[in-house]
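The values are calculated or read from the model by the stated rules, or taken from the named source; none is laboratory data. Note that this is a predicted model, so its numbers are computed, not measured. No Cβ is skipped: glycine too gets one built from the backbone with ideal geometry, and neighbour counts run over all protein chains shown. All accessible areas refer to the heavy atoms of the entire protein, side chains included, with ligands and DNA or RNA removed. Shrake-Rupley method; radii C 1.70, N 1.55, O 1.52, S 1.80 Å.
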Amino acid sequence: MGRDLESIVQEAAGGLAAGRSAAVVGVLAEGRTEIRGAGPGAPDGDTVFEIGSVTKVFTALALARKVVAGTAGLDEPVRDLLPAGTAMPAREGKEVSLRHLAQHTSGLPRLPKGATWQMIRDFPNGNRDPYARYDAATILAGLADTRLRSLPGARFRYSNLGAGLLGLALATRAGTDYATLLAEDVCKPLGMTRTSLSEPVIQGHTRRGRPTPPWNMAALAGAGGLRSTAADLLTFLQAQIECREEAIRLSRRTEHRVNPLQAVQIGWMETLLHPKIGGGRRVWHNGRTGGFASYVGFDPERRIGVVALSGTARSVDGTAATLFRTLAS
């Protein structure tokens with residue numbers, strides 16, 4: 001790497017902010033951590049953003065810890081964790097398991113009954129939160145009228161409903177709520193003090209730059225409800241790179257192959273990179289809400305980690321990809 005780490009990270013943060021909204025970029029490289037912010041409000045490593053679907057890797061780690069503790073099984077049917085009488089859909093006699101939810105192979109649709117992608121995309125027309133009405137009763141009742149799109153375990157089909165249901169099921173089994181589940185099983189053990197469902201966030205903006213209120217994911221919090229900081233997310237990545245804990249090793253070695261270059265682990269996506277762009281392996285997840293965008297990823301062999309957070313709902317994936325290439329060169 002020909003340039004100093006500080007200037008690389010500062011340039012990336014400045015590019016994301018572009019003077020219009022807050023952005024923070026953090027990296028793990030060369031055995032150290034570097035965090036830089038840019039944009040209004042002087043954001044830094046402790047500035048809180050919505051992280052959207054990056055939440056899914058936290059929900060998946062909670063599952064892995066329950067499996068290691070012996071209080072849940074990867075191949076346990078989801079219906080065993082839900083309230084008695086819940087009509088969990090199946091297909092050709094095959095039931096949906098916790099593994100299927102964590103790997104997006106359940107066959108469940110992307111969104112819960114009654115929701116449409118147009119509704120999510122058009123938020124915040126009318127200042128309306130698109131997920132707020134999906135409490136536990138609504139989600140569970142909707143399962144009775146939900147049809148699986150494929151045989152469980154057979155095909156990767158990304159599902160916010162499935163990931164949210166995983167969080168709900170784990171919390172139900174534990175006799176608590178999702179916020180407490182994540183605090184006790186993931187955040188406290190890792191020393192992540194600013195990651196929760198309720199941390200006050202900075203002002204978020206739509207892709208067109210209009211201020212927009214935060215999202216409330218209600219019972220689907222396990223799919224995208226967390227708020228966090230670059231500092232906390234780098235702590236999470238460090239634990240992933242070190243891979244000392246059995247639950248993390250379990251989540252990483254359990255995969256569903258999507259194609260020769262793509263796989264989904266327990267929560268994480270994995271991409272094998274072409275040698276022309278540096279080769280290697282990248283383990284990652286991204287997220288977006290009505291007013292925020294996020295990316296968290298790492299290269300386990302090179303021990304490089306990247307976090308990119310923006311207070312605008314424009315993808316930050318390109319910035320993360322550029323950072324990886326620069327850090328690996």
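Of everything listed in (1) over 17 Å from residue 59 (Cα atoms); (2) open to solvent by 30 Å² or more (accessible area, probe 1.4 Å); (3) of a type in the set (A, V, I, L, M), the single unmet condition for residue 230 is (2).
Filtered by the rule that a residue be closer than 19 Å to residue 181 by Cα and in contact with a Lys or Arg (Cβ under 8 Å, 6 or more places away or on another chain), segment 128-169 gives 160, 161, 163.
Tell me, which helices (runs of 4 or more DSSP H) wholly within segment 217-329 include 3 or more residues that are in contact with a Gly (Cβ under 7 Å, 6 or more places away or on another chain) and not acidic (Asp, Glu)?
221-224, 230-242, 317-328
For segment 8-25, the count of residues that are hydroxyl-bearing (Ser, Thr, Tyr) and at pLDDT 95 or above is zero. Exactly one residue out of 163, 183, 171 is open to solvent by less than 10 Å² (accessible area, probe 1.4 Å), of a type in the set (A, V, I, L, M, F, W, C) and within 17 Å of residue 69 (Cα to Cα), and it is 171.
The single condition among (1) farther than 15 Å from residue 311 by Cβ; (2) in contact with a helix residue (DSSP H, G or I) (Cβ under 8 Å, 6 or more places away or on another chain); (3) surrounded by fewer than 23 Cβ atoms within 10 Å (Cβ to Cβ) that residue 15 does not meet is (1).
Looking at this structure, is residue 75 within 27 Å of residue 223 (Cβ to Cβ), surrounded by fewer than 20 Cβ atoms within 10 Å (Cβ to Cβ) and of a type in the set (Asp, Glu)? Yes. Could you please tell me which pairs satisfy a Cβ distance under 6 Å, a separation of 6+ or placement on different chains, a first residue in segment 151-175 that is modelled with pLDDT under 95, and a second residue that is open to solvent by 50 Å² or more (accessible area, probe 1.4 Å)? So the pair list comes out empty.
Is there a residue in segment 210-226 that is on the phi < 0 side of the Ramachandran plot, in contact with a strand residue (DSSP E or B) (Cβ under 7 Å, 6 or more places away or on another chain) and without any contact (Cβ under 8 Å) to a residue 24 or more places away in the chain? No: zero hits. Every condition in (1) farther than 19 Å from residue 329 by Cα; (2) in contact with a strand residue (DSSP E or B) (Cβ under 7 Å, 6 or more places away or on another chain) is met by residue 42 except one, and the failing one is (2).
Yes/no matrix, rows are residues, columns are (1) acidic (Asp, Glu); (2) more than 29 Å from residue 82 (Cα to Cα); (3) at pLDDT 95 or above; (4) within 13 Å of the chain's Cα centre (by Cα):
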{"position": "200", "(1), (2), (3), (4)": "no, yes, yes, no"}
{"position": "219", "(1), (2), (3), (4)": "no, no, yes, no"}
{"position": "223", "(1), (2), (3), (4)": "no, no, yes, yes"}
{"position": "228", "(1), (2), (3), (4)": "no, no, yes, yes"}
{"position": "231", "(1), (2), (3), (4)": "no, yes, yes, no"}
{"position": "235", "(1), (2), (3), (4)": "no, yes, yes, no"}
{"position": "238", "(1), (2), (3), (4)": "no, yes, yes, no"}
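Looking across segment 106-149, the residues that are outside any helix (DSSP H, G or I), at pLDDT below 90, closer than 30 Å to residue 93 by Cα and open to solvent by 60 Å² or more (accessible area, probe 1.4 Å) come down to 113, 116. Does segment 206-213 contain any residue that is over 14 Å from the mean Cα position of the chain (by Cα), surrounded by 18 or more Cβ atoms within 10 Å (Cβ to Cβ) and at pLDDT below 95? Yes; the residues of segment 206-213 include at least one that is over 14 Å from the mean Cα position of the chain (by Cα), surrounded by 18 or more Cβ atoms within 10 Å (Cβ to Cβ) and at pLDDT below 95. The combined condition, being over 21 Å from residue 298 (Cβ atoms) and either assigned to a helix (DSSP H, G or I) or open to solvent by 10 Å² or more (accessible area, probe 1.4 Å) (or both), is not fulfilled by residue 152.
Determine whether residue 246 is over 15 Å from the mean Cα position of the chain (by Cα) and among the charged types (D, E, K, R). The answer is yes for residue 246.
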